[in-house]
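Structure first, commentary second.
The values are calculated or read from the model by the stated rules, or taken from the named source; none is laboratory data. Source: prediction; values computed, not measured. In this analysis, Cβ positions are derived from the backbone assuming ideal geometry, glycine residues included, and neighbour counts consider all displayed protein chains. Please note that ligands, DNA and RNA were not included when accessible areas were found on the heavy atoms of the full protein model with its side chains. Shrake-Rupley method; radii C 1.70, N 1.55, O 1.52, S 1.80 Å.
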Amino acid sequence: MTASTTPKPRFGGCLPLCAILLLAAGLRFWGLNHGLPFVMGRPDEIEALEKTVLFPQGDLNPRWFVYPNLFFWVIWLWEELCLGLRRLVVDVPAYDILVREQMALLIAQGRVLSALVGTATVGVVWWIGRRLEGRTVAWLAALLLATNFLHIRDSHALKADVPLTFSVPIVLWLLARYAEAPSLRRARWAGLAIGVSTALKYPGVLLLLPAWHATIIAAPHRGWRRWLPNRTLVEIGVVSMLTFVALSPFLLIDTARLVATFTFSVKAVYGMRPQFVPKPGSS
């Protein structure tokens, strides 16, 4: 084999990606214990963990539907994994005791998951950019996400925002693959991903809009008819719905609590707020 045909080392091409991932990880892990051991810095973290207290006994209903069921199951499994590793070297109390007495530890472990998922999202964006447009676009896209303030901020908290963000580029990639070469198989994979995204956080259902756009691009006919929902979009919607229900079954089983949760949430966000009425004679 001549020198001109000898494959060049590919390690050099990985250096920019490694640097970007290190930057992303550094920004997301730096200050991860903010506020601790005071646990009320992000009240949603406490509420989410408290709803998992009965999971080790086999009761997987979180009884709190601000987030879908899957999100609670993910954070509980992660916490159990971290506690299992701790038990290899030290004695660790039972999970329900930790929820009551060592909430700061569980919050810190949960934030590690958010930071890891946030960093992994940068890698996913790089991979998709590399497949679509080449290394330069991949590096720029990954760098933009790595240094994005909102994504860095959210990666410091045990909330569903970062897992949802992780799933969004994957869904868009699957939809792009469908639009490029339409098939029911690819459409179903996209529907499955949308269902998982929605089971992590409800706004994932909005990914059905780019799914509609993908079916428009892939429509065999032209004109106004291509804008109408077709069989493929229905297929994606059905698969998404079935996946979501399978991953959040207690939303249907415990319907009374579901209605109560959403009634309260809608009133809290969109309800009339009391107006300040000054006392007579006050300026």
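In the full protein context, segment 194-251 carries 53 Å² of accessible surface per residue, based on a 1.4 Å probe and ignoring ligands, DNA and RNA. Entry note, segment 183-235: relative contact order of 38 percent, from Cα contacts under 8 Å with a spacing of 6+ residues. Computed from backbone phi, the HN-Hα couplings of segment 80-95 come to 5, 4, 4, 5, x, 5, 5, 5, 5, 10, 9, 7, 10, x, 5, 4 Hz, rounded to whole numbers (Karplus: 6.51 cos²θ - 1.76 cosθ + 1.60, θ = phi - 60°; Gly and Pro given as x). Our estimate of slack between L22 and V238, defined as 0.36 nm per intervening residue step minus the Cα-Cα distance, is 73.8 nm.
Per residue, the convex hull spanned by the Cα atoms of segment 33-99 measures out at 99 cubic angstrom. Modelled spin labels at L140 and Q57, positioned 7 Å past Cα toward Cβ, are 5.6 nm from each other.
To the nearest 10, the accessible area of R153 is 110 Å² with a 1.4 Å probe. Note on exposure: E133, E79 ranked by accessible area (1.4 Å probe, complete protein assembly) read E133, E79, with the most exposed listed first. So for segment 183-266, taking the charge dipole from beta-carbon charges (+1 Lys/Arg, -1 Asp/Glu), which of W227, S248, P203 sits furthest toward the positive end? Farthest towards the positive end: W227. Its Cα centre serving as origin, segment 75-120 has a Cβ charge dipole (Lys and Arg +1, Asp and Glu -1) of approximately 120 debye.
Of all the accessible heavy-atom surface of the chain, with the other protein chains kept in place and a 1.4 Å probe, what percent is carbon and sulfur? It is 69 percent, rounded to a whole number. Put a plus charge on the Cβ of each Lys and Arg, a minus charge on the Cβ of each Asp and Glu, and nothing anywhere else: the dipole of segment 16-110 about its Cα centre is then about 240 debye. Entry note, the chain: relative contact order of 20 percent, from Cα contacts under 8 Å with a spacing of 6+ residues.
The relative contact order of segment 152-221, computed from alpha carbon pairs under 8 Å that lie at least 6 residues apart in sequence, is 35 percent. Over segment 116-229, the reciprocal of the mean inverse Cα-Cα separation, the Kirkwood hydrodynamic radius, stands at 15.1 Å.
Pairs of lysine residues in the chain that meet both criteria, 8 or more places apart or on different chains and Cα atoms under 29 Å apart, total 7. Applying 1/(1 + (r/R0)^6) with r as the Cβ-Cβ distance of T261 and H34 and R0 = 22 angstrom yields a FRET efficiency of 0.15.
About the centre of its Cα atoms, the chain shows a dipole size close to 1100 debye [charges on the beta carbon of Lys, Arg (+1) and Asp, Glu (-1) only; nearest 20 debye]. When the label point is put 7 Å from the Cα of E180 along its Cα-to-beta-carbon vector, which residues of segment 124-147 have a backbone N closer than 12 Å? What the label zone holds, given the 12 Å backbone N cut-off, is 128-134.
Coupling constants for segment 33-48 follow from the phi torsions by the Karplus curve (6.51 cos²θ - 1.76 cosθ + 1.60, θ = phi - 60°), and in residue order they are 8, 4, x, 6, x, 5, 9, 9, x, 10, x, 4, 5, 5, 4, 5 Hz; glycine and proline get x. Here is the P(r) of the chain: all C-alpha pair distances, binned every 10 Å from 0, give 6, 21, 27, 24, 14, 5, 2, 0, 0, 0 in whole percents. For a modelled paramagnetic label at V90, 7 Å from Cα along Cα-to-Cβ, the residues of segment 13-50 in reach, with backbone nitrogen under 16 Å, are 37. Per residue, the chain reaches -21500 deg cm²/dmol at 222 nm when only DSSP H runs of four or more residues are counted, each adding -39500 (n - 2.57).
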